[in-house]
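Since the structure comes first, as structure tokens, the remarks are kept for the end.
No lab work stands behind these numbers, since they all come straight from the coordinates. Being a predicted model, the structure only gives us computed values, none of them experimental. For neighbour counting, all protein chains shown are included, and Cβ atoms are generated from backbone atoms with ideal geometry for every residue, glycine included.
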């Protein structure tokens, strides 16, 4: 595998990774020529060297379309500039930041919102009522089960804020997931737009080359026809 020097970074890269400046789309090539006026059309440039100019072009396009850029837009531009992958496991990153109390509240909320809790608590209430009915006057909580009502009220008062804490964290996780999806979608849209423009530019270049070859072929055919015509006249 042959290595070639990038005209901007002055570092060696595999030859197949480098792109001549003439093959870069005009909007980005204009930014490159503005920063490096000594480059020629045949100068080879690496993707890492092109990334900042692509990010600058994308920034101008976004400012045209969206106006003032948000923090998420700047994160996407940074990933384009540094030529890095923006996709990440949001759930895993979020879970690593939870404290012990937050993890415990999530488990309590998960258990409190399950059929297992409903069945176990229903069995507990049934046994409590049955025991106090059987014991009658000797019962610790006779009818109308005031102690049981107190326990239920305390349980509801403690369970509600725990569930709310878990729901707030779930909302934060959903918000982080939505922001991450927005950044990934925006970068994908920009990359697709870049590919479309690059394909259009390459097709235009190819059409121009084919047209030039066709004109050359026509000239050669006309020249051959003149020579054949001249030879026939002499004979």
>> Between residue 9 and residue 138, what is 0.36 nm times their sequence separation minus the Cα-Cα distance? Round to one decimal in nm.
In response: 37.4 nm
> Arranged from highest to lowest average of other beta-carbon atoms within 10 Å per residue, in what order do the peptides 12-22, 124-134, 49-59 appear?
Replying inline: 49-59, 12-22, 124-134
> So between residue 114 and residue 188, what do we pick up on full extension, going 0.36 nm a residue minus the alpha carbon distance?
Replying inline: 22.7 nm
> In what order do 46, 27, 114 fall by count of nearby beta-carbon atoms within 10 Å, going from fewest to most?
Replying inline: 114, 27, 46
> Points 7 angstrom from Cα along the Cβ direction at residue 148 and residue 38: gap in nanometres?
Replying inline: 9.1
>> Considering only C-alpha atoms, what is the centroid distance from the stretch 1-39 to the stretch 114-132, in Å?
In response: 74
